[in-house]
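The block underneath contains the structure these notes are about, expressed in structure tokens.
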Amino acid sequence: MLPNDGLDMLDDFRVEDVLQRFVRGHVLRVLFYFRHGVLPMRDAITLPELIKEFGDDESCRRYIEALRWRKGVICPRCDKPATAVANRSTYDCDACHYQFSATSGTIFHDTHLPLTKWFLATYLLCESKKGMSACQIQRTLGISYKTAWYLCHRIRAAMLEVAPEKLSGTVEIDETYVGGKKRRWRPKSEKQVVIGIRQRNGDLRLIRAEDARAITVRDIMNMHLGSHVEVIMTDESAIYPYALDKMQKSLHRTINHTKEYAHGDVHTNTVESAFSLLKRGIVGTWHKVSAKHLPAYLDEMCFRFNNRKNQFLFRDTLIKLILSPNLEYKDLTAKVQDAA
Ligand SMILES: [Zn+2]
């Protein structure tokens, strides 16, 4: 819908831009509606729009159906077309007569949680810049803490990039320590080491490392740096001369942080700003993160950061949820017990 409120405050260019997008978007929406019987997700959706469009389970189910089967409903057992059963939200396979629903075989199926709450939680985790804690989801959606915690973990698991692209161009690398309270008698090793690699004007990788030794950093770098890296920026930490191979050393530029933050374009400011966002997330949102679950939080942060310009982030995360295997509650809690 065209936002009327405050429209007259926009300048001419802005009005023209909005109108063009509206007309173009409206034509595409009508075409999509006739093809799939459901409205497509437009540009960045707002919370009121989400509630209006997906306020009941039927509209959520139809959207899942549209995302799952672009060219008509297909039987998940034999890949043959299926027909909707009248007055029921199920389909009957034309070939093997298996009956299934839009959520069958997906993460949404064996859940007592309404689809509307799945959609809202996914939206909130996508849209909040620093993430959202299970406590906050619990209060916002009016569900139990256990349900909220499990829900957040499953959405977070779906956000995981299975095979992220290798980074190239100018990359900044730095390490930081998170978690653990500042107590004099606690050894530094109680804190978790996080290695950050940021491609300038590109993606971010945050990786939990066992330690900050050169050999560990070298393995992480080799896993994430592609062959088209042109410059490697770090501070003057003693790790890097040992972590870099001969070829990487020729691309290495360092900044002495005891003297200055930047020397021309030699700096590690963009990876450090990602670290501060991470720390604000841990302190302000998640409050504490167990060592076992830290990689999942890091992946969630990177996913949101790397998709910061993606207007279809909510839709894309839903697609990832539809495709993702279920993460069993007992597996998640077993991991916690293992870590304790
Ligand atoms: Zn079938």
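List of remarks:
- Flagged links, alpha-carbon separation over 27 Å, of 129/191; 259/292; 249/320: 259/292; 249/320
- Gap separating the Cα centres of the range 224-244 and the range 101-118, nearest whole Å: 45 Å
- From the Kirkwood radius over Cα pairs of the range 167-308, Stokes-Einstein at 37 °C and 0.692 mPa s returns a whole-number translational diffusion coefficient of 210 µm²/s.
- Among 149, 69, 118, sorting on how many other beta-carbon atoms sit within 10 Å of each Cβ, with the fewest leading, yields 69, 149, 118.
Rule-based calculations on the coordinates, nothing more; no lab input. On a predicted model such as this, the values are computed, not experimentally measured, just so you know. Virtual Cβ from ideal backbone geometry, glycine too; neighbours counted across all protein chains shown.
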